[in-house]
Structure formats: structure tokens, C-alpha cells
Amino acid sequence: MPKITLSFRDRVLKVLPLQEGEVLIGRAPDCDLQIDSLAVALHHARIVTRGGESVIFDLGGGLRVGGQPVRERRLADGDRVALGKHVLTYSPEDVTTAERLAPEGPPAGAAPRRAWLQVLSGPRVGKALPLTRSLVRIGRRGEQSVIIARRASGYYVSALEGEKPPRLGDRPLGEEPQPLRDGDVLEVGGVRMQFFCEEAVQA
């Protein structure tokens, strides 16, 4: 079942499965997805789902995808639709963020790359955290945390929760996965860690 994820400033507010039929989005109490913001119209948009496909319609509140205004759009995996400062992210399957980041499997003829995090600050400074699983969660539940996923193309990190987003280098992390490169510095819950990755070894 497809779903939409409502977020504000990269913080997830609500996840709504899209069943067959219509979903009304806006500020009014009769909306299926109510958004408490003056930047959102009373009846801002409508999503119609039929046969596993979803189409979003602008009801006059204004919609933007990739910075461009749209009046009607068939939603594709990963589409981010802006309603004011709120964002709707579409996924064709009702899965968790962790599952959407599941690895694609190792490339043919290549051995898995070994990667780890080196703690740079806090009481565990100097400790190495090996990234041996397909999905590794860093941080405390209910507080600031991220998930690191191993894909065929490398390692990716995305924010899971926290009032303030974790940081990758000098920029805040959102829910969209970002590639990790050897030497990148990640800050989660006030703890700084450096990412290291060996080059893939051809079998």
C-alpha cells in the first residue's frame, strides 16, 4: 500500500497510508490529513489512489515539486511535494524508512566493503564502531538518531528522529539518504564520529 510522509523542516510529523479512494489535505478540521499552518489552505490538495497509483491535485493552495509549481501530478517513488513549508514525501509501498534504505545487494564480482565509525568526542572517544550489518542505527531512541544503510553503491545515512537534525559535515541531515564518503564527519546527539570505508575489493 502506498503512503505519504508529512514533514516540517526535515522532521517527520505523520505517516499516512493511501488506501483506494481520496485523501483531502488542508487546514480544515474535515481534512483527512490536517496541517495546522496558516501557509496551508483550508482545502489545499487532494490525493486520489486507484489501482496502486496515486495522483495529487492542487485545490488552489499551491503545490511545488522540485521547486516547480504543479496543478496535477501522478506521484512517483521519492516525490517531495511542498505545501508551504511542509513537505509530503510519497512512497509506493507502506514500508518503514529503514526498509526503504535496505541494500540493493553486492555488485557482481565484488567483495563487501568494510566500513566503520571512529568516535571523535564524548566519553567513548577513540572507539571504533564497525558497520557490519545492512542497517545500523546510531543514537538513542526517542532522541537524535540516524540510520546507516549499506547498498551496492556504498553507504548512506539519513535522519530518523530528533527535534534538531543530526549533521553530516557542515549541513543538517534530512530524511532523504545521503551518501557517506571516506573521512566524512557525522554528528549525532552531540557526539562527533568520522566515517571510514575501505575500497571495494574485486573477487
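At a glance:
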quantity	calculated
Candidate set from region 1-33 (those that are among the β-branched types (Val, Ile, Thr) and closer than 11 Å to THR89 by Cβ); member that is surrounded by the fewest Cβ atoms within 10 Å (Cβ to Cβ)	VAL15
Residue within region 100-112 that is closer than 21 Å to ARG192 by Cβ and modelled with pLDDT of 50 or more present	no
Near pairs, Cβ below 9 angstrom, 6+ apart or cross-chain, from region 54-69 (free of Cβ contacts under 8 Å to residues at least 24 places away in the same chain) to any residue that is of a type in the set (Ser, Thr, Tyr) and open to solvent by less than 70 Å² (accessible area, probe 1.4 Å)	VAL55/THR49
Flag for SER91 being open to solvent by less than 30 Å² (accessible area, probe 1.4 Å), over 21 Å from the mean Cα position of the chain (by Cα) and at pLDDT below 90	no
Those residues of region 162-184 which are surrounded by 15 or more Cβ atoms within 10 Å (Cβ to Cβ) and not acidic (Asp, Glu), in sequence order	GLY162, PRO165, PRO166, ARG167, LEU168, LEU173, GLY174, PRO177, GLN178, LEU180
Scope region 34-64; condition in a strand (DSSP E or B), crowded, with 17+ Cβ neighbours inside 10 Å and of a type in the set (A, V, I, L, M, F, W, C); matching residues	ALA45, ILE47, ILE56, LEU63
Qualifying residues in region 130-161 (those that are among the β-branched types (Val, Ile, Thr) and within 16 Å of the chain's Cα centre (by Cα)) - the one surrounded by the most Cβ atoms within 10 Å (Cβ to Cβ)	VAL146
Failed criterion for ARG46 (all others in (1) at pLDDT below 90; (2) basic (Lys, Arg); (3) touching a Leu at 6+ places or on another chain (Cβ under 6 Å) hold)	(1)
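The values are calculated or read from the model by the stated rules, or taken from the named source; none is laboratory data. Since the model is a prediction, treat every value here as computed from it, not as a measurement. With ideal geometry, Cβ positions are generated from the backbone for all residues, glycine too; neighbour counts draw on all protein chains shown. What goes into the accessible areas is simple: the full protein's heavy atoms, side chains included, and nothing from ligands, DNA or RNA. Shrake-Rupley method; radii C 1.70, N 1.55, O 1.52, S 1.80 Å.
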